[in-house]
Amino acid sequence: MADRVTVIGWDGTPPSDPARAALSAATLVAGTRHHLALPYVPAGAEQIVLGSIEIAARRIAKHRGTAVVLADGDPGFFGVVRALRAPELGLEIEVLPGVSAVAQAFARAGMPWDDARVVVATRRSLRRAVNVCRAYPKVAVLTSPGAGPAELALLLTGVHRTFVICEALGTDSEQVTVLTSDKVADHIWRDPNVVLVIGGTTSSASSAAPSRSLRWGDPQPGAASRVGGWIAGRDPGFPGDVRGWALPSGEYGGDVPAQVRALQLARLGPRTGDLVWDIGAADGAVAVEAARFGAAVIAVERDSDACDWITAAARGHGVQVHVVHGTAPQVLEDLPEPDVIRIGTADAAVTAACAARRPERIVTSAANRDQAEAVTRALEEGGYDVERSLVQSVELGSDWTERARAVTFVLSGTRR
């Protein structure tokens, strides 16, 4: 077993005295090829080129001597420290961090980042990373080959963002480029890079292009301005946030009972990294509340006035909702793949088209049993197990008299 393992974060600056001491005593040094080419690496030490971190960690664990692992920036932030800390390796780790790539990228942009989301994009996680970029106005993306700036931009087609692309941070060939998202795929980008995805207002796909590009330093439209905060990421209690969810219908100007919406949202379970389709979004209540849970949301509505209403409702609640004006199921063909779908009004043909896209869950409601049975058949034939509920909602006045009553079938399909 290695006598000692020191993990050194390299950020382009000369190593500190403790880092130099660790390198001079190292009998094994692991890192990428550009790390191993640094002049501080002792010539007589065994070298391991990092490919698979797990394989390298096992080799380091078997080494008798002192080992150094070189990594970019802060190796404890989405870095090698997690692999080296695996209990079965039994390694004693000392970490000498550098400035993280995310901190450097925001520094180059001259922006604070305590309110940013940070995601890792690989070929497997790319779609979920893109959904975070849809849902939040400030996201740092740690990219990888095959999941870089161009791929991010292509999957964001139709969603206006500004990209700050930081290539080879901390090296002599460092370059920072600012482009609108529709221009990013026209370029070839060097690895490694970090991408800041900035901006976004609640918008409609049927509206004209923005009159100007949002500059990457601009404050976000509709966002509450605040100085500082108390938690990283989006502050769940910043001024303007309403406590709770399944808010009364009057919050959105609609008439769908909050109790029905609560059950629909509970069955959908929207979360950060998901893409939600809200088809027949009407007043936008479900779309807005799904976005408040951190999901990316596409609201589909055939009424143009309702589209404007949804846009205003989302902006008023400080969330990002992409509004698409069109009629389902035809308009669904060009939309990106959903994780969960809510259909506002039960329709067997729309349900079948949604089931063909294989989301994890589909939720809808029906006014009568005939509609409910037709939708249930469409879900079951599409490969979904169906939960059926009959929800009765009675609104009472201050004098306990009945003011309104609604009886609705709520159908929830879970993919087999």
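Scanning for something charged (D, E, K, R), open to solvent by 70 Å² or more (accessible area, probe 1.4 Å) and at pLDDT 95 or above, does region 95-108 turn up at least one residue? Steps first, please.
Here is the first cut: in region 95-108, the ones charged (D, E, K, R) are 108.
From what's left, open to solvent by 70 Å² or more (accessible area, probe 1.4 Å): 108.
Going one step further and asking which of them are at pLDDT 95 or above, we end up with 108.
The answer is yes, given that some residue of region 95-108 is charged (D, E, K, R), open to solvent by 70 Å² or more (accessible area, probe 1.4 Å) and at pLDDT 95 or above.
Considering only region 300-315, I want to know if a residue exists there that is on the phi < 0 side of the Ramachandran plot, surrounded by fewer than 23 Cβ atoms within 10 Å (Cβ to Cβ), of a type in the set (D, E) and modelled with pLDDT under 95.
No; the residues of region 300-315 include none that is on the phi < 0 side of the Ramachandran plot, surrounded by fewer than 23 Cβ atoms within 10 Å (Cβ to Cβ), of a type in the set (D, E) and modelled with pLDDT under 95.
Quick check on A290: is it open to solvent by 10 Å² or more (accessible area, probe 1.4 Å) and in a helix (DSSP H, G or I)? Steps first, please.
On the way: open to solvent by 10 Å² or more (accessible area, probe 1.4 Å): no; in a helix (DSSP H, G or I): yes.
Judged against the criteria, A290 is not a match.
Can you give me the ranges of the helices (runs of 4 or more DSSP H) entirely in region 99-157 with at least 2 residues that are on the phi < 0 side of the Ramachandran plot, of a type outside the set (V, I, T) and in contact with a helix residue (DSSP H, G or I) (Cβ under 7 Å, 6 or more places away or on another chain)? Walk me through it before giving the result.
Numbers: elements: 101-109, 126-135, 149-155.
It comes to 126-135, 149-155.
If you take the residues of region 152-163 that are over 15 Å from the mean Cα position of the chain (by Cα) and open to solvent by 30 Å² or more (accessible area, probe 1.4 Å), which of them is farthest from F78 (Cα to Cα)? Explain how you work it out, then say what you get.
Quick first cut of region 152-163, residues over 15 Å from the mean Cα position of the chain (by Cα) only: 154, 157-158, 160, 162-163.
Cutting the leftovers down to open to solvent by 30 Å² or more (accessible area, probe 1.4 Å) gives us 154, 157-158, 160.
Working: L154: 25, T157: 28, G158: 30, H160: 28 Å.
The qualifying residue farthest from F78 (Cα to Cα) is G158.
Is there any pair with a first residue in region 304-319 that is touching a residue at least 24 places away in the same chain (Cβ under 8 Å) and a second that is part of a helix (DSSP H, G or I) and open to solvent by 60 Å² or more (accessible area, probe 1.4 Å) whose Cβ atoms are under 9 Å apart and which are 6 or more apart or on different chains, and what are they?
That search, which allows pairs on different chains as well, returns A313/E251; H317/E251; H317/R292; G318/R292; V319/R292.
So in region 164-186, with the set limited to residues that are of a type in the set (D, E) and open to solvent by 20 Å² or more (accessible area, probe 1.4 Å), which one is nearest to L335 (Cα to Cα)?
Step one: filter region 164-186 for residues of a type in the set (D, E), giving 167, 172, 174, 182, 186.
Of the ones still in play, those that are also open to solvent by 20 Å² or more (accessible area, probe 1.4 Å) are 172, 174, 182, 186.
Working: D172: 41, E174: 36, D182: 17, D186: 22 Å.
Here the residue is D182.
Within region 124-136, can one find any residue that is within 21 Å of V80 (Cβ to Cβ) and in contact with a Phe, Trp or Tyr (Cβ under 9 Å, 6 or more places away or on another chain)? Show your work before the answer.
Pass one, region 124-136, residues within 21 Å of V80 (Cβ to Cβ): 124-125, 129.
Adding the requirement that they be in contact with a Phe, Trp or Tyr (Cβ under 9 Å, 6 or more places away or on another chain) leaves none.
No, region 124-136 contains no residue that is within 21 Å of V80 (Cβ to Cβ) and in contact with a Phe, Trp or Tyr (Cβ under 9 Å, 6 or more places away or on another chain).
Tell me the residue from S207, S173, S225 that is at pLDDT below 95, more than 30 Å from I310 (Cβ to Cβ) and part of a loop (DSSP other than H, G, I, E, B), please. Before the answer, list the steps.
Working: S207 fails: more than 30 Å from I310 (Cβ to Cβ); S225 fails: more than 30 Å from I310 (Cβ to Cβ).
It is S173.
Quick one: which strands (runs of 3 or more DSSP E) lie wholly within region 1-86 and hold at least 2 residues that are open to solvent by 10 Å² or more (accessible area, probe 1.4 Å) and on the phi < 0 side of the Ramachandran plot? Talk me through it step by step, then tell me what you get.
Working: elements: 4-10, 28-31, 46-49, 66-72.
Result: 4-10, 46-49, 66-72.
Yes/no per residue for (1) over 17 Å from R342 (Cα atoms); (2) surrounded by 14 or more Cβ atoms within 10 Å (Cβ to Cβ); (3) free of Cβ contacts under 8 Å to residues at least 40 places away in the same chain:
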{"position": "A355", "(1), (2), (3)": "no, yes, no"}
{"position": "I362", "(1), (2), (3)": "no, yes, no"}
{"position": "A367", "(1), (2), (3)": "no, no, no"}
{"position": "A372", "(1), (2), (3)": "no, yes, yes"}
{"position": "A406", "(1), (2), (3)": "yes, yes, no"}
{"position": "S412", "(1), (2), (3)": "no, yes, no"}
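Mind telling me which of the residues E387, E380, E395, E373 ends up being in contact with a strand residue (DSSP E or B) (Cβ under 8 Å, 6 or more places away or on another chain) and assigned to a helix (DSSP H, G or I)?
E380
Spot the failing condition for P336; the list is (1) open to solvent by 20 Å² or more (accessible area, probe 1.4 Å); (2) more than 23 Å from L154 (Cα to Cα); (3) not aromatic (F, W, Y), and only one is missed.
Status for P336: all satisfied but (2).
The values are calculated or read from the model by the stated rules, or taken from the named source; none is laboratory data. Because the structure is a prediction, the values reported are computed rather than measured. Neighbour counts are summed over all protein chains in view; Cβ atoms, including those assigned to glycine, are modelled from backbone coordinates with ideal geometry. Accessible surface areas use protein heavy atoms only, side chains included; no ligands, DNA or RNA. Shrake-Rupley method; radii C 1.70, N 1.55, O 1.52, S 1.80 Å.
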